[in-house]
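The values are calculated or read from the model by the stated rules, or taken from the named source; none is laboratory data. These numbers come from a predicted model, not from an experiment. No Cβ is skipped: glycine too gets one built from the backbone with ideal geometry, and neighbour counts run over all protein chains shown.
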Amino acid sequence: MINTSFEQRTERRNRLIGLLRSETYWKTSDLREQLGISQRTLMRELAELKRAGYPIESERGRGGGIRLNGRWGVDRLQLSHHEVVELILSLAIMESLQSPLLTSNLKAIKQKLFQAFPQEQRSAVSNIRKRIMIGSNAGDNIVSRYIAPEHALSECIAEAFLEQSCLEIDYQSDSGEHTTRVIEAQYILLNWPIWYITAWDHLRKSPRMFRIDRIKNARIVGGYFQLKPIEVFIGIYTPYYKSI
């Protein structure tokens, strides 16, 4: 579900950026009137924009005021709460993979997106990052047999992971055995390009690891689950994984 407070904050910040990008210098009183906010809120928004790297200009005297450098930026984007979360997490994953090409600005981009969140949501995103683990690349013998899951299936798994919802899966083991079980997707692990779910398995009443490409069907069955301590799962994955 999209977070309303996040949408309102993003809409207000987008409006502020749009106003500041115009050729006119704005008086703070006019900006407050346009946005319907207090002086204190306006100053906080401007300070956060500056920290996020927005080149805000100010000029004293008659005809002066505040604006955003007109040569800066791209056209306004409309992103939902989940889209921004997934974008931040994707950037963090790419950063963790330490690619030598086309990744030099990932950290700065990630920080600017992060600034769009209220403090409590920044904490929530940070907690999600701790549940995403990165390891070494998968071996050639595994990659050669890998078939990427369908988009709808991946979306279902991702939603269950992000929302901490119980997931019913139809799973095919390495030996070809098919089982249906309800799991809690506590952590996800990446051995590029293979994703795994480190889960609490309701069928076995114990931690288990599931390769996502072996999940044939998945359905969210409700039931918010609490995160278990990482120590519960240490025995089923290598300590060489690190969180993003």
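Here Leu153 does not fit the description of being surrounded by fewer than 16 Cβ atoms within 10 Å (Cβ to Cβ) and either within 27 Å of Ser99 (Cα to Cα) or not polar (S, T, N, Q) (or both).
Name every residue in the stretch 123-136 that is out of contact with any helix residue (DSSP H, G or I) (no Cβ under 8 Å at 6 or more places or on another chain) and under 16 Å from Tyr196 (Cα atoms), in order of residue number. Lay out the reasoning, then the answer.
Looking only at the stretch 123-136, we keep the residues that are out of contact with any helix residue (DSSP H, G or I) (no Cβ under 8 Å at 6 or more places or on another chain), and these are 123-124, 126-127, 130, 133, 135-136.
Selection gives Lys130, Met133, Gly135, Ser136.
Quick grid of which residues meet (1) at pLDDT below 80; (2) closer than 28 Å to Phe161 by Cβ:
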| site | (1), (2) |
| --- | --- |
| Glu7 | yes, yes |
| Leu19 | no, no |
| Trp26 | no, no |
| Arg40 | no, no |
| Ser58 | no, no |
| Gln78 | yes, yes |
| Met94 | no, yes |
| Pro118 | yes, yes |
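Restricted to the stretch 155-244, the set of strands (runs of 3 or more DSSP E) holding at least 1 residues that are small (Gly, Ala, Ser) and under 19 Å from the mean Cα position of the chain (by Cα) comprises 165-172, 178-191.
In summary, Leu102 fulfils each of the numbered conditions (1) in the same structural domain as Ile230 (by TED's automatic domain parsing); (2) among the hydrophobic types (A, V, I, L, M, F, W, C); (3) outside any helix (DSSP H, G or I) with the single exception of condition (1).
Rundown of residues vs (1) at pLDDT 95 or above; (2) in the same structural domain as Ala92 (by TED's automatic domain parsing); (3) surrounded by 12 or more Cβ atoms within 10 Å (Cβ to Cβ), yes/no style:
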| site | (1), (2), (3) |
| --- | --- |
| Ser144 | no, no, no |
| Pro149 | no, no, yes |
| Glu159 | no, no, yes |
| Glu163 | no, no, yes |
| Asp170 | yes, no, yes |
| Ile183 | yes, no, yes |
| Asn191 | no, no, yes |
| Asp201 | yes, no, yes |
| Ile220 | yes, no, yes |
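For the stretch 173-199, the set of residues classified as of a type in the set (Phe, Trp, Tyr) and farther than 18 Å from Glu155 by Cα consists of Trp192 only.
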